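Okay, here's the structure, questions in a sec.
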Amino acid sequence: MANHPAASTSGFLRNLIISTLSIFAVAYVLSGIQLDSLMTALILAIVMAVLNVTLKPLLILITIPLTVITFGLFLLVVNVLVLYAAEFLIDGFSIAGFWWALAFSLLVSLVSSILAGPHQSR
């Protein structure tokens, strides 16, 4: 069965809102992450979506040997590198250091998962 375009658009918007709220909430809690406004959080969510589709697969491909040696833990470093790329592209978003970026990445994933709730297929 093919997905209806309106359903995929509404799913994308739902995920974008969840990501934006997660980013904004986690940045509010972590002192090492500076985010100017909710609009900056929305821009960050969009930029992260684009970077996760373009840059992240390339970084994963390049770092396969390190990922294998570290039993997949190097993927956390790849997530941090993608965050640093987003920081470079977005005014109003800054990261104080590697550990703050790692904590931000993990907490945004956790909060997004909680907000998304259990996945229901139709």
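The values are calculated or read from the model by the stated rules, or taken from the named source; none is laboratory data. What you see is a predicted model; the values in this text were computed from it and never measured. As a convention, Cβ positions derive from the backbone with ideal geometry for all residues, glycine included, and neighbour counts pool all protein chains shown.
Does L30 satisfy the criteria of being touching a Phe, Trp or Tyr at 6+ places or on another chain (Cβ under 7 Å), at pLDDT 95 or above and loosely packed, with under 14 Cβ neighbours inside 10 Å? First the steps, then the outcome.
Values: touching a Phe, Trp or Tyr at 6+ places or on another chain (Cβ under 7 Å): yes; at pLDDT 95 or above: yes; loosely packed, with under 14 Cβ neighbours inside 10 Å: no.
Answer is no for this residue.
Test of understanding: among F74, F12, which residue is over 13 Å from the mean Cα position of the chain (by Cα) and at pLDDT 95 or above?
One residue alone meets the criteria, F74.
List the pairs whose first member sits in the stretch 44-72 and is within 21 Å of V108 (Cβ to Cβ), whose second member is surrounded by 13 or more Cβ atoms within 10 Å (Cβ to Cβ) and of a type in the set (S, T, Y), and whose Cβ atoms are under 6 Å apart, counting only residues at least 6 apart or on separate chains?
Within 6 Å, the pairs are A45/S19; A45/T20.
With the structure loaded, tell me whether I43 is at pLDDT 95 or above, in a helix (DSSP H, G or I) and loosely packed, with under 14 Cβ neighbours inside 10 Å or whether it fails that test.
For I43, the condition - at pLDDT 95 or above, in a helix (DSSP H, G or I) and loosely packed, with under 14 Cβ neighbours inside 10 Å - is not met.
Please go through the stretch 66-104 and give me each residue that is part of a loop (DSSP other than H, G, I, E, B) and of a type in the set (D, E, K, R), ordered by number. Steps first, answer last, please.
Going through the stretch 66-104, the residues part of a loop (DSSP other than H, G, I, E, B) turn out to be 70-73, 90-92, 96-97.
D91 - this is the single residue of the stretch 66-104 that is part of a loop (DSSP other than H, G, I, E, B) and of a type in the set (D, E, K, R).
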